[in-house]
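Heads up: the structure comes next, in structure tokens.
Values in this text are rule-based calculations from the coordinates and carry no lab data. All values reported here derive from a predicted model rather than from experimental measurement. All Cβ positions, even for glycine, are placed from backbone atoms using ideal geometry, and neighbour counts span all protein chains on display.
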Amino acid sequence: MSATPSSNSVVSVQGVRVAFGAVKALDGVDLDITSGEALGLVGHNGAGKSTLVNVINGLLTPHEGEIRYGTAATISGVSGARANGIRCVFQELSLCPNLTVAENTRVMHAQLSGFGWRKRAATLVGKTLDDIFPGHHIQADSAVGDLSIAERQMVEIAINFMAAPDRPRLVILDEPTSSLDAGLAEQLLAYVRRFVSEGGSVIFISHILGEILSTSSRIVVMKDGKIVADRPASEFSVRSLVETMGSVVKERAAGRERASRSEQAVTLSIPSAFGGIGFEARRGEIVGLAGLAGHGQTTMLLELFRKNCGNWLPTAESPVAFVAGDRSLNGTFPLWSILRNLTIGNLNALSHLAAIDRGKELALGEDWKQRMAIRTPDTANPILSLSGGNQQKVLFARALSTTAQAVLMDDPMRGVDIGTKQEVYATLRREADAGRTFVWYSTEMDEIQLCDRVYVFRDGAIVTELVGEAITEEAVLEASFTGEAA
């Protein structure tokens, strides 16, 4: 597949290879991105998407091949990429939480200097936020650490689309809607289409394939470090896209044929939760928490965790495990190995005479590496050597390898590809059938519809309970906005 630069080429990748030890992250990739193009980039976690993005934005230097910006000679490094109008919105947000929105703007745009730079930065970022997310209510003098994760994502997106002083030529959006609700996501996608129609270019990475199909003009599919398909978006459907990625689409069953859990013992409960109806989860159930983002779902999970776990001394067998959604902030230990990240929740079982039994630890790590299909040749590798989806699998393995009979999950599949999701879904169902209880907050309706029972939140309280066939997108939305099930 040739990638000869055209006259309106923004970035040309030619014969690029990148290897991390024995792992070939990129294996001879050719790609040309032109002006006025929205390129959808899809593939399983670990397919090479992030590595390709980091080569284009200058964070990685390819071991073979070259990168050209426009028709100019190769310029390496982040400074060279930025000088040629390349900007990147990372899935793991890169803002400084102790600085204000305006101050973060200068971190990204050093040319905003001199007397009165804060005022100019505030004006620029405010105008861009207004353009992308009308009605956003974000103040430029607010500390980023005081913003919600959705607001932080909005700020990072706006900073990268800013004209400071020139508009970007190519913006790489890596899972840009992963923390946004449906309304904010649609505002962003509408702006992206407008940006592209005016001659800008975008690389769009998303696990939500509907967004890829509706926004992209061309779609590139990666697998095992190679491009396996490069065609106009109009030639793909969700099914064909998933099949090209190497997965089999699993149709959602028309009816739920699972046995009723009503006779099972209650594992977790909160009477009259937060002023609304009571919450309970029974043995073997997958219970969903739904509703608009930020309406109390995470608060409920934290309350359940505090109520069922000691605050001071760890018990020999904790009854509850927690899987965080923001893995970089609340999940992974970035300086540790994959193995240590996986086994940290199981120290009591692995200890003998106050020392960790190394043999038991290695055996546990290898067992759960196989069960969760964590894609790594060696669990001694650093956790950050894994793709985002495989890091999330490690967090699931950490929770599931314990004896905890209840697992709390705070939107853990955010930004994870469809193939990885299907593998995790199957594992969760097997564990539930064996008697484990899951309480699952998710912002994705497909995941909510996999649950046995769903509680819908509004204004910090549970406003309705949906069971079995009543769990539909229409019913959840109706309860989210009116407080009553459809």
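Ranked highest first by average number of other Cβ atoms within 10 Å, how do 335-344, 469-478, 353-362 line up? Mind showing how you got there, number by number?
Working: 335-344: 19.8, 469-478: 16.0, 353-362: 11.4.
So the peptides 335-344, 469-478, 353-362, ranked by packing, come out 335-344, 469-478, 353-362.
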Compute the Cα gyration tensor for segment 183-227, then decide on rounded, prolate or oblate, letting a ≥ b ≥ c be the square roots of its eigenvalues: rounded whenever a/c is under 1.5, prolate when a/b is larger than b/c in the other cases, and oblate in all that remain. oblate
Going highest first, how would you order 189-197, 120-128, 107-115, 388-396 by mean Cβ packing within 10 Å? 388-396, 120-128, 189-197, 107-115
With viscosity set to 1.567 mPa s at 4 °C, what whole-number translational diffusion coefficient in µm²/s follows for the chain from Stokes-Einstein and a Kirkwood radius over Cα pairs? 54 µm²/s
Most packed first (mean Cβ within 10 Å per residue), the peptides 423-433, 175-185 order as 175-185, 423-433
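Among HIS295, HIS44, HIS137, what is the fewest-to-most ranking by other Cβ atoms within 10 Å?
HIS137, HIS295, HIS44
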Using the charge dipole of segment 266-482 (Lys, Arg: +1 at Cβ; Asp, Glu: -1 at Cβ; taken about the Cα centre), state which of LEU292, THR437, PRO382 has its Cα farthest towards the positive end. PRO382
Here is the link list: LYS24/LYS421; LYS223/LYS369; LYS24/LYS360; LYS49/LYS421; LYS49/LYS127. Which ones come out longer than 27 Å on Cα distance? LYS24/LYS360; LYS49/LYS127
At 0.36 nm per residue, minus the direct Cα-Cα distance, what do ARG17 and ILE356 gain on full extension? Give it in nm, one decimal, please. 118.1 nm
At a Cα cut-off below 15 Å, give the aspartates and glutamates reachable from LYS119, other chains included and same-chain residues fewer than 8 away excluded. GLU103, ASP141
Evaluate 2.2 N^0.38 Å with N set to the residue count of segment 266-482, then give the Cα radius of gyration divided by it. 1.03
Where a ≥ b ≥ c are root eigenvalues of the Cα gyration tensor, a/c under 1.5 meaning rounded, otherwise prolate if a/b exceeds b/c and oblate otherwise, segment 375-449 counts as oblate
Taking 0.36 nm per intervening residue step and subtracting the Cα-Cα distance, what contour gain separates ALA380 from ILE277 on full extension? 32.4 nm
